[in-house]
Amino acid sequence: MGGKLFLGNHLTLVLLATCALLTLFFVNGAKQFLPTCDSISYDDRYLRDANGEWILSADGIVIRTPCKNSIPFAQGILGLKVLAGYIPLIFCAYYLINDKKQLLFLGRLLVVIAIICCGLALIQFWMFKTGRCQGTDHLAGELLFKPTIKARCLVGGSALYSPSQGQIRMPGTFVSPWHWGWFLVANAAICFSVAFSDSAFFWRNCGLFGMAMVFINAVICGQRLALALVQLSKNNPPVTYDL
């Protein structure tokens with residue numbers, strides 16, 4: 001049994017490392033050969049068809065010519081270093097949870113953290129809505145559609161709040177909207193498991209409340225991926241356990 005667990009854990013590590021290295025060489029490595037954005041003239045900055053007309057995306061936005069602003073391969077190495085820092089956390093959680101009591105405690109702790117973070121994000125949205133935080137709606141051009149640290153409000157980092165353009169991407173308690181989106185995705189599953197699998201009635205209700213908070217934040221923060229996965233998690237059958 002110990003040998004199988006050892007082999008299984010190493011196989012997972014090999015798969016993670018393989019995917020990371022493939023991304024490094026075939027995604028970041030391919031971008032390394034692109035011309036720098038500064039070297040492209042204004043006329044060549046956007047893609048054109050055979051007639052010289054600009055090529056538009058499905059949303060009607062002009063497609064820019066692929067270029068690089070920095071060193072993509074070095075950025076990939078930095079990302080690989082960050083991933084390597086998370087690997088010990090992944091396997092530590094596997095080895096440190098020894099029984100159902102510890103698993104229940106971890107689930108309850110994560111639900112409490114999710115509720116606190118979502119509560120702060122609701123306050124952040126209220127401050128944007130009431131004008132206590134300015135957001136990005138007063139800006140012009142492409143700045144209306146980009147998160148910026150200057151729009152930071154209460155907690156978190158870069159925010160995008162341009163309701164006049166239908167653009168709202170709030171960071172919650174994280175440094176950017178996409179970090180917050182993945183936090184909501186993860187806690188959709190965690191709150192679901194606690195809501196339908198915990199042995200205590202109080203904590204099952206906390207899990208349901210956490211799911212509601214995650215769903216509300218996915219809507220008001222403009223996190224479409226999190227909103228879709230919250231719904232998906234509701235269709236998965238729960239696994240019950242008792243102490």
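The values are calculated or read from the model by the stated rules, or taken from the named source; none is laboratory data. Keep in mind it's a predicted model, so treat the numbers as computed, not measured. Here the Cβ positions follow ideal geometry from the backbone for every residue, glycine too, while neighbour counts run over all protein chains shown. Note: accessible area is taken over every heavy atom of the protein model, side chains too, but ligands, DNA and RNA are not part of it. Shrake-Rupley method; radii C 1.70, N 1.55, O 1.52, S 1.80 Å.
Within the stretch 142-164, which residues are open to solvent by 50 Å² or more (accessible area, probe 1.4 Å) and either out of contact with any Ser or Thr (no Cβ under 9 Å at 6 or more places or on another chain) or among the hydrophobic types (A, V, I, L, M, F, W, C) (or both)? Correct list: Glu142, Leu143, Phe145, Ile149, Leu154, Pro163, Ser164. Whenever a residue of the stretch 65-90 is open to solvent by 80 Å² or more (accessible area, probe 1.4 Å), its partners that are not aliphatic (A, V, I, L, M), lying with C-beta atoms within less than 8 angstrom and at least six residues away or across chains, give the pairs Asn69/Thr36; Asn69/Cys37; Ile71/Gln32; Gln75/Asn28.
Among residues of the stretch 119-141 being open to solvent by less than 60 Å² (accessible area, probe 1.4 Å) and among the polar types (S, T, N, Q), the one that is modelled with the lowest pLDDT is Thr136.
Based on this model, can you work out whether Asp99 counts as closer than 28 Å to Ala189 by Cα and either without any contact (Cβ under 8 Å) to a residue 40 or more places away in the chain or in contact with a Cys (Cβ under 8 Å, 6 or more places away or on another chain) (or both)?
Yes; evaluated as a whole, the condition is true for this residue.
When we screen Leu104, Leu109 for residues that are closer than 28 Å to Phe201 by Cα and in contact (Cβ under 8 Å) with a residue 24 or more places away in the chain, the only hit is Leu104.
Could you tell me which residue of the stretch 189-206 is most open to solvent (accessible area, probe 1.4 Å), considering only residues that are in contact with a Lys or Arg (Cβ under 9 Å, 6 or more places away or on another chain) and more than 14 Å from Leu103 (Cβ to Cβ)?
Phe196
Looking at the stretch 154-175, can you tell me whether even one residue there is of a type in the set (Ser, Thr, Tyr) and free of Cβ contacts under 8 Å to residues at least 24 places away in the same chain? Yes, some residue in the stretch 154-175 is of a type in the set (Ser, Thr, Tyr) and free of Cβ contacts under 8 Å to residues at least 24 places away in the same chain.
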